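The values are calculated or read from the model by the stated rules, or taken from the named source; none is laboratory data. The structure displayed is predicted, hence computed values, not measured ones. In this analysis, Cβ positions are derived from the backbone assuming ideal geometry, glycine residues included, and neighbour counts consider all displayed protein chains. These area figures cover heavy atoms from the full protein model, side chains too; ligands, DNA and RNA do not enter into them. Shrake-Rupley method; radii C 1.70, N 1.55, O 1.52, S 1.80 Å.
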Amino acid sequence: MANNIRRRARDPEATRADILEAALTLLSKDGPDAVSLSAVAALAGVNRGTAYQHFETREKLVAATLELVSERMFLTVFGDPELLGERDVEKVDMVETTDRLAVFAMENPDLCRIWLLQLLSLPDPSKDPFWREYAGSIARFAQTDMAKPGIDVDVFSVITLAGNFLWPVWARSHSHDDKERTALAHRFAREMLRLSLYGTLVEDRNQTVVERLADEDFGQSPKSLKLVNDESEKGTNS
């Protein structure tokens, strides 16, 4: 143990990495409330004072741990951020990107869900590297002639990420091993691509929906909610 402590003292980066890996383990197992400096230090095999040297507060440790989740997801889905720059969305392999995200979510279900919940509670999610690139690439895509008009970037980003991170809940209760879970991840990616490419409604059989979407006020103010409620009341009374 003494040798390990001396080794860590000479290599603060390795010590910090050990602490973050321990925090990831606790975060995945029991959520943010389980991540305390004392518990993480014990799991990492360092004393609590050493943990405090790297992370002054529990809040900073949790933030750094979630940032690590974001960085690993970024590297898996998009590639090395140091080499990436701003991706040309017209040259992105959408099939591969969608599939990589689905597989990562299947392999790290708890971390992904915790990361997303924490992200959505932030006043400025764009500070997170993965969200910034994910939502940013959708925004850039929406400006190209490859996209249908009217994409709500924030809504689409949340819907697709939430779907990716909730699907493993269903998949893990309907599979027996990693092979089946991976197959279900690919199945999810396929459906996400199909929905993006074709949607679900046949336009000429759903003219009411087409007309509502063409109304520029729909979805922009509380007025739209009132319209929905009024129509529901009419349906109940008829």
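Of all the residues that make up the range 1-25, how many are among the charged types (D, E, K, R), modelled with pLDDT of 50 or more and either open to solvent by 60 Å² or more (accessible area, probe 1.4 Å) or in contact with a Phe, Trp or Tyr (Cβ under 6 Å, 6 or more places away or on another chain) (or both)?
Residues in the range 1-25 being among the charged types (D, E, K, R), modelled with pLDDT of 50 or more and either open to solvent by 60 Å² or more (accessible area, probe 1.4 Å) or in contact with a Phe, Trp or Tyr (Cβ under 6 Å, 6 or more places away or on another chain) (or both): 5 in total.
Mind checking whether some residue in the range 165-184 is within 30 Å of Lys91 (Cα to Cα), open to solvent by less than 80 Å² (accessible area, probe 1.4 Å) and modelled with pLDDT under 95? Don't jump to the end; show me each part of the working.
As a first pass, look at the range 165-184 and keep what is within 30 Å of Lys91 (Cα to Cα): 165-168, 181-184.
Now restrict to residues that are open to solvent by less than 80 Å² (accessible area, probe 1.4 Å): 165, 167-168, 181-184.
Filter again for modelled with pLDDT under 95, leaving none.
Taking every residue of the range 165-184 in turn, none turns out to be within 30 Å of Lys91 (Cα to Cα), open to solvent by less than 80 Å² (accessible area, probe 1.4 Å) and modelled with pLDDT under 95.
Picking from Glu71, Glu96, which residue would you name as being of a type in the set (D, E, K, R) and out of contact with any helix residue (DSSP H, G or I) (no Cβ under 8 Å at 6 or more places or on another chain)? Working first, answer last.
Values: Glu71 fails: out of contact with any helix residue (DSSP H, G or I) (no Cβ under 8 Å at 6 or more places or on another chain).
One residue alone meets the criteria, Glu96.
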* Mind checking whether some residue in the range 196-213 is part of a helix (DSSP H, G or I), in contact (Cβ under 8 Å) with a residue 40 or more places away in the chain, of a type outside the set (Ser, Thr, Tyr) and open to solvent by less than 100 Å² (accessible area, probe 1.4 Å)? -> no
* Evaluate the following for Val103: is it in contact (Cβ under 8 Å) with a residue 12 or more places away in the chain and more than 26 Å from Lys29 (Cα to Cα)? => no
* Residue check, Glu59 acidic (Asp, Glu), over 23 Å from Arg113 (Cα atoms) and part of a helix (DSSP H, G or I) -> no
* Asked: at pLDDT below 95, surrounded by fewer than 14 Cβ atoms within 10 Å (Cβ to Cβ), out of contact with any Phe, Trp or Tyr (no Cβ under 7 Å at 6 or more places or on another chain) and closer than 30 Å to Glu191 by Cβ, is that true of Asp30?
  -> no
* Selection status of Arg100, surrounded by 11 or more Cβ atoms within 10 Å (Cβ to Cβ) and within 21 Å of Glu21 (Cβ to Cβ) -> no
